[in-house]
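Remarks on the structure that follows.
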Amino acid sequence: MLDALATAVLLVDSADCVEYMNPAAEVLLGVSVRRAFARSIAGLVPGFEVLQELCAHARERQRSFGRAFQAMAPHRDGSELDIVVKVSPFEEGQSRQLLIELFDITQRHQLDRENTLVAQHGVSRRMLQQLAHEIRNPLGGLRGAAQLLEAELDKDELREFTQVIIGEADRLEGLVAGLLGPGERPDLQPANVHEVLEHVAMLVQGDAPNLELLRDYDPSLPPLLMDRDQVTQALLNLMRNASQATDGQGSVMLRTRVRANHVLNARRFKLVVVIDIEDNGPGVPDEIAGTIFYPLVSGRKDGSGIGLPLAQELINRHNGLIEFVSQPGQTVFSVSVPILPEEPR
């Protein structure tokens, strides 16, 4: 019966060494029962050290204990697993053996994060439209009044002030245009993602010649249907943020991968290309981590807070999504875009 369960189950002895694990546990942990047998549960997978405390409590109090934790998954390129564990005495009061149940909630957390980003994007779009409405209406009148005033002035030194007004009005108009982004639907054409990345890298390197750019490309990546201009702008915004996070003196890694049968925006796609832009800067401040894709939110004093919302909008037009993970010394923004149409339900 245990072998047939979809839930990962392990049995450990009084020394917390593995006596049994079912096939579901082998798949989840990427370890065969032969390799795991007689090994300490704490050394089975990186991150499992937390189980020792739970095992001790379960034996001492002869009842079940559980918690959520993260563990490394070497068989998944070292990505982290979100796991809920329950540790129970195997035979209450009669044995020192423990039954350990593991529930993989990684995908559920991934879907929760994606749903949060999608909801943020919807709010962000409405905020952009409202900002444009509030700014553009008086802006045109301000610029027109300055032009009329300039025509009535006969001194050049006075016209300089009207030129300042007109110039600032034009700057604000550009800001609004940046908030709204290009309104046209993407013109999808096959393009090489790596060529686009190299073009963007050249532009960023020109602004920051001391920046170290590293590459880890998947050469098997097929052409991607994209609007080259829109994807270029999105990647440029992300890469410039990475460069500015390191003051143009750190390193930025460009990485491409393909994921199969990937769920994106609550839809399943056969193939999805993932573009990672990783920097070794100080990381995203905790106080803005949950709102970083909202307009006008920035971690830099001189930041406009436009680049990330605009990038998310442009990638969303390709049925894609931008996500990020961040800690001091390592921040990764991941752009996921479908290569093939979604799978039928």
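General remarks:
- Here the peptides 22-35, 55-68, 307-320, 241-254 are ranked by packing, the mean other Cβ count within 10 Å, and the order with the highest first is 307-320, 241-254, 22-35, 55-68.
- The three principal axes of the C-alpha atoms in the stretch 8-104 carry coordinate ranges of 41, 26, 19 Å, sorted with the longest axis first.
- A simple packing score, the average count of other Cβ atoms within 10 Å per residue, orders the peptides 277-288, 137-148 as 277-288, 137-148, with the highest score first.
- Chain lengthening between Thr291 and Glu152 when straightened (0.36 nm per residue, less Cα-Cα): 45.3 nm
- Surrounding net charge for Leu213, when Lys and Arg each add one and Asp and Glu each subtract one, Cβ distance under 14 Å: -4
- Label sites at Arg159 and Ala4, each approximated as a point 7 angstrom past Cα along Cα to Cβ, lie 9.1 nm apart.
- The stretch 187-335, Cα convex hull volume normalised per residue, Å³: 109
- Here Arg185 and Arg267 are evaluated by their C-beta separation; at R0 = 30 Å the FRET efficiency comes out at 0.95.
Values quoted throughout were computed directly from the atomic coordinates according to the rules given, and no laboratory measurement underlies them. Computed from a prediction, not measured in an experiment: that's the story for all the values here. Please note: Cβ atoms are built from the backbone with ideal geometry, for glycine as well, and neighbour counts cover all protein chains shown.
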